[in-house]
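> Structure incoming, see below.
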Amino acid sequence: MIDALVTGLVGPYEFGFMRRALVGCLALSLSAPPLGVFLMLRRMSLMSEAMSHAILPGAAAGFLVAGLSLPAMTLGGLVAGLAVALLAGFVTRSTMLKEDASLAAFYLIALAGGVFLVSLRGSQVDLLHILFGSVLALDDPALWLMGGVSTVTLVALALLYRPLVMECVDPLYLRTVSRAGGPVHYAFLALVVMNLVGGFQALGTLLAVGLMLLPAITARFWASDLSGLIPVSMLVSVLASAIGLTVSYNAEIRLPTGPAIVLAAGALYILSMLVGPRGGMLQRLVRRRHLEA
Amino acid sequence: MSGGIRIRGLTLGYDRHPAIHHLDGTIAPGDLLALVGPNGAGKSTLLKGLVGEVRVLGGRIERGTSDGAIAYLPQAAEIDRDFPLSVLDLVAMGLWRRLGAWSSLYRGRATCEAALAAVGLSGFEGRPIGTLSGGQFQRALFARLIVQDASVILLDEPFTGIDARTVGDLLALIRGWHGQGRTVIAALHDLAQVRAHFSTTLLLAREPIAWGPTAAVLTPHNLERARHLSEAWDETAAICRRDHDDHGHHDHAAHGDHHDHHHPGQHRVNREAAE
């Protein structure tokens, strides 16, 4: 019994490709969830979904030029994602459009452009590869990319933390005391794009958002302030990665790994929603007597 | 402490429609100035213009380079009160000019705690901002103003929805700032409050009606005129041809609506007879 358990848990990682997959997902698990926490707190959760679509035309352009080449597709995705983020931010700050509207406009254009480009050359299989990633085929450059993205993100978050929190809580105040608001906002969007590009190697453009948002939303049921939300979201993401990889390897039928990881994060979310101590459903069902004051 | 502001032919507005139209005057350092006028008179717009939140359509706002910072408390703060932030952290945002993005907040902790004590919120340091009542939250924002330590403090209807005791406490803070030589400009609706606590008043109705010592400004005649000036913005309004550059030279004293006080010629309101 215990032997079987150990074999099930450790066995998959005897293989290099599984260890690479785990390392890549762990790197992503440290950087994407904190960004998700800020997105959630700014009520911009769906913005990262839009951004993930915005990456597509760039990745597709890279694919058109160089085939299934990691550097070309990464560079293209980065450029396209940053362009959409900056354009949307610029339009928001210089017209009367709100951020969600301007972003929606740009990402729809980008998504349609991306699908258009992919279908010019390449098959359904290529499109699926771009959309859903291939976590079990991470090569050295992909791992370096994910590790680099993770490192840069954590350092940048540490440097931007204070103005970023102020921009979230009271943007008007930050505007009256500093010009940092705009640059901080753009830098944050750039970090989101970087992490989505890093994640799209492993999980694809559609599911990269999953490791960013699901752990952050899950953490809301366990912690109430930023000093709790960020570490809890990282932990949830690490757990989801490990569970998703292990389960998909051990399953009788062939389970796709990327969706398995995101589904594991989804399962942790549903579990937390039920039993989480901060506003979880069970806790709300139990009526406790009110306090004196 | 310096904190003077000179306003020259200032027009502020939205989409070319003026909300403040050709305002001239000087706010002396250490002034305690009330902005009074009906809704839509341009009180908030003037305050936003002073902090650069509204585009200047014409004229200028002049401040010396050494005039220090402006602290601004907006009418409806855009603050996200669901954000998981403690009261102490909210107040510590006032330290930005001193500490910037990277210095340890520990250095300013005593300042923040003293400010919270001054507004009567000792013991609330660790409370999430979402759990404060309206009055407590306004007290916390006043604590942030204290921490900002600015030479000019702008308050946009700071007492809306606040109970009498809190208003009394906050007015005492404002008197304290005035005593320290800070310039305080507050948009207010309660005329009795203005008469009791504010030495100078600017009565606005998009156009400046009167500016000077409070008793001389808040006359029945002036208030009646303020009420009569239209709030409506006219979609088809003609382009304003009024020349503001030569404003200092011809006063329409017949209006009897401008009152020079301690600095002769400093607070002057110029109105053309016809547009």
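> Pairs under 6 Å by beta carbon, first residue in a helix (DSSP H, G or I) in region A:221-233, partner open to solvent by 20 Å² or more (accessible area, probe 1.4 Å), six or more apart or different chains?
Taking only residues 6 or more apart or on different chains, the pairs are A:V232/A:W222.
> So how many residues does region B:10-33 have that are surrounded by fewer than 19 Cβ atoms within 10 Å (Cβ to Cβ), among the charged types (D, E, K, R) and not in a loop (DSSP other than H, G, I, E, B)?
0
> Tell me which of these B:L88 doesn't satisfy, since it passes every other one: (1) over 23 Å from the mean Cα position of the chain (by Cα); (2) within 12 Å of chain A (Cβ to nearest Cβ); (3) surrounded by fewer than 14 Cβ atoms within 10 Å (Cβ to Cβ).
The one condition B:L88 does not meet is (3).
> Test A:S233 against the criterion of being within 14 Å of chain B (Cβ to nearest Cβ) and open to solvent by 30 Å² or more (accessible area, probe 1.4 Å), and give yes or no. So that I can check it myself, show each step before the final result.
Details: within 14 Å of chain B (Cβ to nearest Cβ): yes; open to solvent by 30 Å² or more (accessible area, probe 1.4 Å): no.
Taking the combined requirement at face value, the residue does not satisfy it.
For (1) at pLDDT 90 or above; (2) open to solvent by less than 50 Å² (accessible area, probe 1.4 Å); (3) within 18 Å of the chain's Cα centre (by Cα), each residue gets a yes or a no:
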residue: B:Q193; (1), (2), (3): yes, yes, yes
residue: B:E207; (1), (2), (3): no, yes, yes
residue: B:A210; (1), (2), (3): yes, yes, yes
residue: B:E224; (1), (2), (3): no, no, no
residue: B:A238; (1), (2), (3): no, no, no
residue: B:D243; (1), (2), (3): no, no, no
residue: B:H250; (1), (2), (3): no, no, no
residue: B:A254; (1), (2), (3): no, no, no
residue: B:D260; (1), (2), (3): no, no, no
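> While we're on this one: List pairs: first in region B:126-141 and in contact (Cβ under 8 Å) with a residue 12 or more places away in the chain and closer than 18 Å to A:L226 by Cβ, second assigned to a helix (DSSP H, G or I) and open to solvent by 20 Å² or more (accessible area, probe 1.4 Å), Cβ under 9 Å, 6+ apart or cross-chain?
Cβ pairs passing all conditions: B:G126/B:L88; B:R127/B:L88; B:R127/B:Q136; B:I129/B:D89.
> Any residue that is in contact with a strand residue (DSSP E or B) (Cβ under 9 Å, 6 or more places away or on another chain), within 14 Å of another protein chain (Cβ to nearest Cβ) and polar (S, T, N, Q) - is there at least one of those in region B:93-110? Write out each step before concluding.
Going through region B:93-110, the residues in contact with a strand residue (DSSP E or B) (Cβ under 9 Å, 6 or more places away or on another chain) turn out to be B:94.
Imposing the further condition that a residue be within 14 Å of another protein chain (Cβ to nearest Cβ) reduces the set to B:94.
Remaining after also requiring polar (S, T, N, Q): none.
Taking every residue of region B:93-110 in turn, none turns out to be in contact with a strand residue (DSSP E or B) (Cβ under 9 Å, 6 or more places away or on another chain), within 14 Å of another protein chain (Cβ to nearest Cβ) and polar (S, T, N, Q).
> Kindly list the number of the only condition in (1) within 14 Å of chain A (Cβ to nearest Cβ); (2) open to solvent by less than 20 Å² (accessible area, probe 1.4 Å) that fails for B:V36.
Of everything listed in (1) within 14 Å of chain A (Cβ to nearest Cβ); (2) open to solvent by less than 20 Å² (accessible area, probe 1.4 Å), B:V36 misses just condition (1).
> Would you be able to say whether some residue in region B:170-189 is charged (D, E, K, R), open to solvent by less than 30 Å² (accessible area, probe 1.4 Å), away from every other protein chain (no Cβ under 14 Å) and touching a helix residue (DSSP H, G or I) at 6+ places or on another chain (Cβ under 7 Å)?
Quick first cut of region B:170-189, residues charged (D, E, K, R) only: B:175, B:182.
Next cut, open to solvent by less than 30 Å² (accessible area, probe 1.4 Å) only: B:182.
Of the ones still in play, those that are also away from every other protein chain (no Cβ under 14 Å) are B:182.
Now drop any that are not touching a helix residue (DSSP H, G or I) at 6+ places or on another chain (Cβ under 7 Å), which leaves none.
No, region B:170-189 contains no residue that is charged (D, E, K, R), open to solvent by less than 30 Å² (accessible area, probe 1.4 Å), away from every other protein chain (no Cβ under 14 Å) and touching a helix residue (DSSP H, G or I) at 6+ places or on another chain (Cβ under 7 Å).
> Please enumerate the residues belonging to region B:34-54 that are under 17 Å from B:A69 (Cα atoms) and assigned to a strand (DSSP E or B).
Of everything in region B:34-54, nothing turns out to be under 17 Å from B:A69 (Cα atoms) and assigned to a strand (DSSP E or B).
> Here's a check for you: in region B:39-58, which residue that is in contact (Cβ under 8 Å) with a residue 60 or more places away in the chain and over 13 Å from the mean Cα position of the chain (by Cα) is surrounded by the most Cβ atoms within 10 Å (Cβ to Cβ)?
B:A41
> Hey, another quick one. Would you say A:L214 is within 14 Å of chain B (Cβ to nearest Cβ), assigned to a helix (DSSP H, G or I) and buried (at least 19 other Cβ atoms within 10 Å of the Cβ)? I'd like the intermediate steps shown before the answer.
Values: within 14 Å of chain B (Cβ to nearest Cβ): no; assigned to a helix (DSSP H, G or I): yes; buried (at least 19 other Cβ atoms within 10 Å of the Cβ): yes.
No: the conditions fail for A:L214.
Every residue, every condition in (1) within 29 Å of B:P74 (Cβ to Cβ); (2) facing another protein chain (nearest Cβ under 10 Å), yes or no:
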position	(1), (2)
A:R162	yes, yes
A:D170	yes, yes
A:P183	yes, no
A:A187	yes, no
A:N195	no, no
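The values are calculated or read from the model by the stated rules, or taken from the named source; none is laboratory data. Bear in mind that the values here come from a model prediction, so they are computed numbers and not experimental data. Virtual Cβ from ideal backbone geometry, glycine too; neighbours counted across all protein chains shown. These area figures cover heavy atoms from the full protein model, side chains too; ligands, DNA and RNA do not enter into them. Shrake-Rupley method; radii C 1.70, N 1.55, O 1.52, S 1.80 Å.
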